[in-house]
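Inspection log for the structure reproduced underneath, given as structure tokens.
What follows is calculated from the coordinates using simple rules that are stated; it is not laboratory data. Nothing here was measured: the structure is a model prediction, and the numbers come from that model. Please note: Cβ atoms are built from the backbone with ideal geometry, for glycine as well, and neighbour counts cover all protein chains shown.
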Amino acid sequence: MRRPPTAADPARGTGPARRGGGTPLALLAVALLAGALPGCYAPQIGLLRSGLDSLRAVVDTMQVRDELALAVLRDTRREVGEQRDILLSTRASSGTTTQEMMEQMGRLQGKLDDVMGRFQQISQRAAAPPAAPQQVDPNQLYDQAGQDLSQGRYALALQGFRDFVRRYPTAELADNAQYGVGECFFAQSQFDSAGVAYAKVEESWPQGDKVPAALYKLALSRDRLGQKDAAKKTFEDLVKRFPNSGEAQLARERLGDTRRR
């Protein structure tokens with residue numbers, strides 16, 4: 001008797017080594033053979049079916065395991081990338097060497113010593129008896145206040161400019177010192193106090209050469225305070241009274257921006 005081909009026969013092409021669509025066809029062939037062949041082949045067909053089911057379970061398990069491994073690999077790669085970014089950011093933000101940090105600390109200590117020395121001078125000056133006032137060079141006092149302003153020591157600069165105006169109200173630099181008072185407030189965004197200080201330049205020294213600059217900064221202070229109409233009026237007054245000044249040209253540009261808006 002000729003033996004019928006099994007599910008593993010190469011002529012049928014439905015062996016267990018196939019994945020995907022081959023396994024359902026093999027099971028269908030096994031089911032058809034189980035109903036058509038005599039009972040003597042039923043045990044072999046059952047064993048074959050069991051083997052195919054086991055193989056399919058192994059393949060499915062391998063597929064799930066590969067998917068999990070791929071997910072773990074992706075997560076690991078993402079974490080490594082994040083750690084690398086953190087490391088680069090840390091290196092960039094803390095790139096200063098110990099020597100540079102020591103130099104920065106030295107500079108800060110120098111500034112602190114300078115400020116403490118200036119405060120001691122002011123304290124000694126205030127404590128001096130009225131009968132024996134200290135003689136102070138006005139130019140030196142003005143220059144020191146200007147240096148304090150340029151280096152951001154606004155409290156000292158403000159004290160110096162006010163001291164100059166109080167001691168030498170008729171000096172040639174008195175209007176400049178009053179303008180410096182406004183600059184100290186403006187640099188600290190205290191625009192209300194800055195406006196008062198700038199306005200006093202014109203009030204006390206109307207013929208001084210600092211009036212155009214004071215009017216311009218007065219208009220800016222009012223603009224920063226949201227007083228748009230008052231700022232515009234001050235700009236227009238500046239252009240009308242001092243048309244050839246550099247501040248007048250800046251005011252014209254401001255007025256042009258205002259009209260375009």
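Please rank 222, 241, fewest neighbouring Cβ atoms within 10 Å first, as an exposure proxy.
241, 222
Can you list the HN-Hα couplings for the range 233-238, worked out from phi with the Karplus curve (6.51, -1.76, 1.60; θ = phi - 60°), rounded to whole Hz and with x for Gly and Pro?
Computed from phi, the couplings for the range 233-238 are 5, 5, 4, 5, 5, 5 Hz.
Given H placed on each backbone N at 1.01 Å, which residues far from residue 173 in sequence or on other chains put an amide H within less than 5 Å of it?
Distant-sequence amide H within range of residue 173: zero hits.
Among rounded, prolate and oblate, which fits the range 144-229 when a ≥ b ≥ c are the square roots of the eigenvalues of its C-alpha gyration tensor, a/c under 1.5 means rounded, and a/b larger than b/c means prolate?
Oblate, since a/c reaches 1.5 and b/c is not below a/b.
Tell me which lysines have Cα within less than 22 Å of residue 200's Cα, excluding those fewer than 8 residues away on the same chain?
The reachable lysines, counting only those whose Cα sits under 22 Å from residue 200, are 210, 217, 228, 232, 233, 240.
Give, as a single signed number, the net charge of other residues whose beta carbon lies under 12 Å from the beta carbon of residue 201, with Lys and Arg counted +1 and Asp and Glu -1.
Overall, the nearby charge balance is -2.
Please list 202-210, 248-256 highest first by mean number of surrounding beta-carbon atoms within 10 Å per residue.
The densest-packed peptide leads the list: 248-256, 202-210.
Placing unit charges on C-beta atoms (Lys and Arg positive, Asp and Glu negative, everything else neutral), compute the dipole magnitude of the range 137-260 about its Cα centre in debye, rounded to 20.
Here the range 137-260 has a charge dipole of around 520 debye.
Run the numbers for residue 137 and residue 253: contour at 0.36 nm per residue of separation, minus the present Cα-Cα distance, in nm.
Fully extending the segment from residue 137 to residue 253 adds 37.7 nm.
Could you derive backbone 3J(HN,Hα) for the range 202-214 from the dihedral phi with the Karplus parameters 6.51, -1.76 and 1.60 (θ = phi - 60°), listing whole Hz in sequence and x where the residue is Gly or Pro?
Couplings: 6, 5, 8, 9, x, 9, x, 7, 9, 5, x, 5, 5 Hz.
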